[in-house]
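J.: Just dropping this structure here.
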Amino acid sequence: MQRTIFEPEHDEFRSAVATYLERSITPQLERYIDDRLIDRAAWEEAGKQGFLGLEVPEQYGGSFAQDYRFNTIVTEEMSKVSVGFNSSLQIHADIVAPYLVDLGTDELKNRLLPDFSLGLKTAGIAMTEAGGGTDLAALKTTAVPDGDGWRINGSKTFITNGYTADIIVVAARTSPEKGARGISLFVVEAGMPGFERGRKLDKAGQHEADTAELFFNDVHVPAENLLGEVDSGFIYMMERLPQERIGCASSNLAHAKQAFMETVHYAKERQAFGKPIGSFQHLKFTLAEQATKLDVTQAFMDQCVMAKIDGTFTATDAAKAKWWTSQIQNEVIDACLQIFGGYGYMNEYRIARAWQDARVTKIWAGSNEIMKELIGRDLGL
Ligand SMILES: Cc1cc2nc3c(=O)[nH]c(=O)nc-3n(C[C@H](O)[C@H](O)[C@H](O)COP(=O)(O)OP(=O)(O)OC[C@H]3O[C@@H](n4cnc5c(N)ncnc54)[C@H](O)[C@@H]3O)c2cc1C
């Protein structure tokens, strides 16, 4: 179906993102996958092109576009080429940026955001701990007052960009007796004494995105690195999770659509019993079903993007978008892989990688079970 939410300036921007990917990512992607991380040069090029500063005010080197269609375009184009790179970049530009911009002190913003917008400094966010990611309110990393700042102790796991990021937003407990209302957010910076990283974690997919454990041993952070008010961290995270979820949802759908298009092409080329395999009714019907799921989901996602722009997008909408698109993505890509037969199971085929890359999306950014829990609560259940 023709999408109707974009204007000519969005189409132009999409071409610029696609050109960047063709030039800076596609030729290097195999190496990024082998290295388990993306070169700084690729980040810096994305910064120069203005893809990292969409959420950052102009005075700090961004464009502060205030039009979520631009964020969506970056996500969609990147997810078509490298969904792992999209995850890394989205954490930085779409997820961490609002924390720094909305809650950072002037000192912090002046010091970090210009390099952040240019990709000279990259960012991650560390909420999850080994003891549990879903139950954020139970986190154990602590921050206690320490002279003119805070002292952080604890550890985090599964942190995207964790191996490389210069700026990490860390959730830590500041009031042990207050549960969810006793958590604060801090910016920990590379090179702070006591801040250490573990090895790059060996994931089942999205290899080009680096993921690591982080350790904080008596890390002193200055007072300026507290984000917002003490003990308000949980509320700040809840306020910003819908943006994280709509971004993940756009990525899920774009990734599935790309895999689907490549599969249709394959089904027309690959022959069996003297005919293209796509002409067998079962495969034709399978592809027809996937095409329908993708179109229907796209219509919902475009509504979500426009609701985000006009301020009516809710946390429940975000939960629906996140669980539904990750489910659809996994269903579509699994059906596509089957159409590739044995080749679909070979890592040199993009469909095999897409299948591995997709699986995590049902787990992260709030698992699909938790998304349904949120929707159920909204129904008054
Ligand atoms: C590749 C990757 C990258 C990640 N990147 C980041 C990152 O950058 N920053 C970050 O902070 N975290 C990150 N995460 C962590 C991710 O958000 C967590 O893995 C996720 O929140 C689930 O937490 P958990 O793994 O501890 O599972 P658990 O919390 O132990 O949950 C296990 C299972 O129990 C289910 N469950 C738990 N509670 C309930 C309930 N009340 N009702 C029903 N079911 C329930 C869950 O849905 C899940 O299926 C990443 C994870 C991965 C795999």
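The values are calculated or read from the model by the stated rules, or taken from the named source; none is laboratory data. Worth saying up front: this structure is predicted, and the values here are computed from it rather than measured. Reconstructed Cβ throughout: ideal geometry from the backbone, glycine too, with neighbour counts over all protein chains shown. Side chains included, ligands, DNA and RNA excluded: accessible areas come from the protein's heavy atoms. Shrake-Rupley method; radii C 1.70, N 1.55, O 1.52, S 1.80 Å.
J.: So which aspartates and glutamates pass the test for Lys109, namely a Cα distance under 17 Å, with those fewer than 8 places away in the same chain ruled out?
T.: The reachable aspartates and glutamates, counting only those whose Cα sits under 17 Å from Lys109, are Glu55, Glu58, Asp94, Asp166, Glu189, Glu224, Glu229.
J.: When the Cα centres of the stretch 1-34 and the stretch 135-210 are compared, how far apart do they sit, in Å?
T.: If we compute the Cα centre of each part, the gap is 32 Å.
J.: Can you give me the relative contact order of the chain as a percent, contacts being Cα pairs under 8 Å and 6 or more apart?
T.: About 16 percent, as a whole number.
J.: A further question follows. For the stretch 1-70, which trypsin sites (Lys or Arg not before Pro) pass both filters: DSSP loop (anything but H, G, I, E, B) and at most 16 other C-beta atoms within 10 Å?
T.: Sparse-neighbourhood loop trypsin sites (Lys or Arg not before Pro): Arg3.
J.: To continue, here is another question. Tell me, what is the per residue accessible area of the stretch 124-231 in Å², probe radius 1.4 Å?
T.: Computed with neighbouring chains in place, this is 41 Å² per residue.
J.: Next question. Cα extents of the stretch 160-199 along the three principal axes, largest first, in whole Å?
T.: Principal-axis extents of the Cα atoms in the stretch 160-199, largest first: 33, 21, 16 Å.
J.: Any of Lys293/Lys320; Lys203/Lys322; Lys48/Lys320; Lys293/Lys372; Lys178/Lys203; Lys156/Lys257 with alpha carbons more than 25 Å apart? Name them for me.
T.: Beyond 25 Å: Lys48/Lys320; Lys178/Lys203; Lys156/Lys257.
J.: Of all accessible surface on the chain at a 1.4 Å probe, what whole percent is carbon and sulfur?
T.: C and S atoms contribute 53 percent here.
J.: Which of the trypsin sites (Lys or Arg not before Pro) across the stretch 122-182 are loop residues per DSSP, with 12 or fewer other Cβ within 10 Å?
T.: Passing both the DSSP loop test and the Cβ count: no residue.
J.: Using DSSP to define loop residues, name the chymotrypsin sites (Phe, Trp or Tyr not before Pro) in the stretch 263-358 whose beta-carbon has at most 11 other beta-carbon atoms within 10 Å.
T.: Phe273
J.: In straight Cα distance, which aspartates and glutamates are under 15 Å from Lys284, not counting same-chain residues fewer than 8 positions off?
T.: Hits, sequence-local ones excluded: Glu262, Glu269.
J.: With Cβ to Cβ distances under 11 Å as the rule, what net charge do the other residues near Ile277 carry (K, R +1; D, E -1)?
T.: Cβ neighbours under 11 Å give a net charge of +3.
J.: May I pose another question? Report the semi-axes of the equivalent ellipsoid for the stretch 235-378 in whole Å, largest first, where each axis is √(5λ) for an eigenvalue λ of the Cα gyration tensor.
T.: Output for the stretch 235-378: semi-axes of 33, 15, 11 Å.
J.: Send over a whole-number figure in Å² for the accessible area per residue of the stretch 235-378, probe 1.4 Å.
T.: Accessible area per residue, the stretch 235-378: 49 Å².
J.: Starting from the 7 Å offset along Cα-to-Cβ, what nm value, one decimal, do you get for the label separation of Gln338 and Gln59?
T.: For the pair Gln338/Gln59, the computed spacing is 5.7 nm.
J.: For Lys293, what is the net charge nearby, where nearby means another residue's Cβ is under 11 Å from its Cβ and Lys, Arg count +1, Asp, Glu -1?
T.: Around Lys293, the surrounding residues sum to -2.
J.: Just the number, please: Stokes-Einstein D of the stretch 124-231 in µm²/s, Kirkwood Rh from C-alpha pairs, 25 °C, 0.890 mPa s.
T.: 177 µm²/s
J.: Before anything else, pin down the relative contact order of the stretch 124-231: Cα pairs under 8 Å, at least 6 apart, normalised by residue count, whole percent.
T.: It comes to 32 percent, rounded to a whole number.
J.: If you add up the charges near Ala335, with Lys and Arg at +1 and Asp and Glu at -1, over every other residue whose beta carbon is less than 10 angstrom from its beta carbon, what do you get?
T.: -2
J.: Sorted from largest down, give the three principal axis spans of the alpha carbons of the chain, whole angstrom values.
T.: The Cα atoms of the chain stretch 78, 49, 40 Å along the principal axes, largest first.
J.: For the stretch 8-122, report the % of Cα-Cα distances exceeding 18 Å.
T.: Cα-Cα pairs in the stretch 8-122 separated by more than 18 Å: 46 percent.
J.: Still on this structure, please answer the following. With every protein chain kept in place and ligands, DNA and RNA left out, what is the accessible area per residue of the stretch 1-115? Probe 1.4 Å, answer in Å².
T.: 42 Å²
J.: Additional query: Would you work out the charge dipole size for the stretch 1-141 about its Cα centre, treating the Cβ of every Lys and Arg as +1 and the Cβ of every Asp and Glu as -1, and quote it to the nearest 20 debye?
T.: It comes to approximately 260 debye.
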